[in-house]
Amino acid sequence: MDSKKYIGMDVHQATITVAVGDSAGKLVMESILETKASTILEFMRGLEGSLWVTFEEGTSAAWLYDLLKPHVAQVIVCDPRKNALLKAGNKNDRVDPRKLTDLLRAGLLSPVYHGESGVRTLQELSRCYLTITKDLTRVMNRIKAVYRSWAIPCAGQTVYAPRHRSGWLEKLAQAGVRRRAEQLYEQLDKLVQIRREARQELLRESRKHPASKVLSQIPRLGPVRVALLIALLQTPHRFRTKRQLWAYCGLALQTRSSGEYRFAGGQLQRSKKSPAIRGLNVNHNHDLKNLFKSAATQAIVSSDPWGGFYENLLASGMKPAMARLTLARKMAAIVLKIWKKGEHFNPELLKRKSA
């Protein structure tokens, strides 16, 4: 008799609702646990058989994954955007773990990668750096919005420079608006300093990883981009092919087709009609997409091998937008290849046709 137990967990800040099912699909047990490590482990030790656990990706997913991994046979952190069954019918703390248990038993869950604990410190530092960068950009936009709201042209970067600040503030005649701009400048100065410190810590930590030296040899991948790549991808071996990496980075084409086969003369034939392209995939890692897009945007005006690759694409008749996408996809493919094999960057790789 199969001794597997399938455990679905609906995780919240204070409590976790648990449903336990057997291999026949029968509900064996339900319980509500405190979101506390000792309580969760005590519950798992009280269950017999091979334990398979699933819960949705969320705020506590990384902590819970690390906690349960050594104590159960399998832990699957699933993508909540792909659990269509949870959206059907009633939704509450009792129903959701039951549905997760059924999906786990049927093998219908889409797992979210959790695995490389060796880059956890770099991951946290990269999140800190990216968050501060977004905050800094938001404050800079607010400063320009103040001037634009009073019809004061403020193109360029001089509006942020400390040595030009007094001149810009004098253009604001209203005292309240001027004080608001001064407070925004104070935020800007503090965030610039914090971002500088976060960048130094990020680079210091990234140098501890062997992949840093391998990826640094690729043109247009500076030390910050290399550090973010290691933190966001963790390991290249989670992607079997370059197309899987393209999809994760939001660089894969979404296609639609129907009625692909027909009978002609009694023989089954596949239609020669090309599938309809519906743009790039929406479900992706936005930070990785921004990384490769920004690198490709800089490369198209450079004289390095990437710039030559882009010019060759344009010369072949490809539109600029598609050429930039192809360049970003080529960058991602070469990153994956070099990182997996530990090879040196060879400009000859850019002469090969990119599928």
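The values are calculated or read from the model by the stated rules, or taken from the named source; none is laboratory data. Because the structure is a prediction, the values reported are computed rather than measured. Counting neighbours? That spans all protein chains shown, and the Cβs are built from the backbone with ideal geometry, glycine included. For accessibility, only protein heavy atoms count, side chains too; no ligands or nucleic acids. Shrake-Rupley method; radii C 1.70, N 1.55, O 1.52, S 1.80 Å.
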If a residue has to be in contact with a Lys or Arg (Cβ under 9 Å, 6 or more places away or on another chain), among the aromatic types (Phe, Trp, Tyr) and exposed (fewer than 10 other Cβ atoms within 10 Å of the Cβ) to count, how many in the stretch 259-294 make the cut?
1
Could you check the stretch 295-324 and list, in sequence order, the residues that are in a helix (DSSP H, G or I), in contact (Cβ under 8 Å) with a residue 12 or more places away in the chain and open to solvent by less than 60 Å² (accessible area, probe 1.4 Å)?
ALA295, ALA296, ALA299, PRO305, TRP306, GLY308, PHE309, TYR310, LEU313, ALA323
Of all residues in the stretch 162-185, which are outside any helix (DSSP H, G or I) and open to solvent by less than 60 Å² (accessible area, probe 1.4 Å)?
LEU172
Among THR133, THR54, the single one that is in a strand (DSSP E or B) and either of a type in the set (Ser, Thr, Tyr) or under 30 Å from THR158 (Cβ atoms) (or both) is THR54
In the stretch 25-57, residue nearest to GLY107 (Cα to Cα) [restricted to those that are touching a helix residue (DSSP H, G or I) at 6+ places or on another chain (Cβ under 7 Å) and aliphatic (A, V, I, L, M)]
VAL53
Every residue from the stretch 108-123 that is part of a loop (DSSP other than H, G, I, E, B) and either open to solvent by 60 Å² or more (accessible area, probe 1.4 Å) or of a type in the set (Phe, Trp, Tyr) (or both)
LEU108, TYR113, GLU116
Is at least one residue of the stretch 120-140 touching a residue at least 60 places away in the same chain (Cβ under 8 Å), under 30 Å from CYS78 (Cβ atoms) and touching a strand residue (DSSP E or B) at 6+ places or on another chain (Cβ under 9 Å)?
no
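Would you be able to say whether some residue in the stretch 87-100 is of a type in the set (A, V, I, L, M, F, W, C), over 27 Å from GLU124 (Cβ atoms) and assigned to a helix (DSSP H, G or I)? So that I can check it myself, show each step before the final result.
Going through the stretch 87-100, the residues of a type in the set (A, V, I, L, M, F, W, C) turn out to be 88, 95, 100.
Narrowing the set further to residues that are over 27 Å from GLU124 (Cβ atoms) leaves 88, 95, 100.
With the extra rule that they be assigned to a helix (DSSP H, G or I), the set shrinks to 95, 100.
Yes, because at least one residue in the stretch 87-100 is of a type in the set (A, V, I, L, M, F, W, C), over 27 Å from GLU124 (Cβ atoms) and assigned to a helix (DSSP H, G or I).
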Residue pairs qualifying under the 8 Å Cβ cut-off, at least six apart or on distinct chains, with the first in the stretch 172-188 being polar (S, T, N, Q) and the second being part of a helix (DSSP H, G or I), are GLN187/VAL139
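Of all residues in the stretch 141-155, which are in a loop (DSSP other than H, G, I, E, B) and either in contact (Cβ under 8 Å) with a residue 24 or more places away in the chain or open to solvent by less than 50 Å² (accessible area, probe 1.4 Å) (or both)? Quick ask: steps written out before the conclusion?
Going through the stretch 141-155, the residues in a loop (DSSP other than H, G, I, E, B) turn out to be 150-155.
Listed by number, the residues that qualify are TRP150, ILE152, CYS154.
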Filtered residues of the stretch 326-349 (kept if more than 14 Å from SER212 (Cα to Cα) and buried (at least 20 other Cβ atoms within 10 Å of the Cβ))
LEU327, ALA328, ARG329, LYS330, MET331, ALA332, ALA333, ILE334
Would you confirm whether or not the stretch 39-57 contains a residue that is of a type in the set (Ser, Thr, Tyr), modelled with pLDDT of 95 or more, over 18 Å from LEU100 (Cα atoms) and open to solvent by less than 70 Å² (accessible area, probe 1.4 Å)?
yes
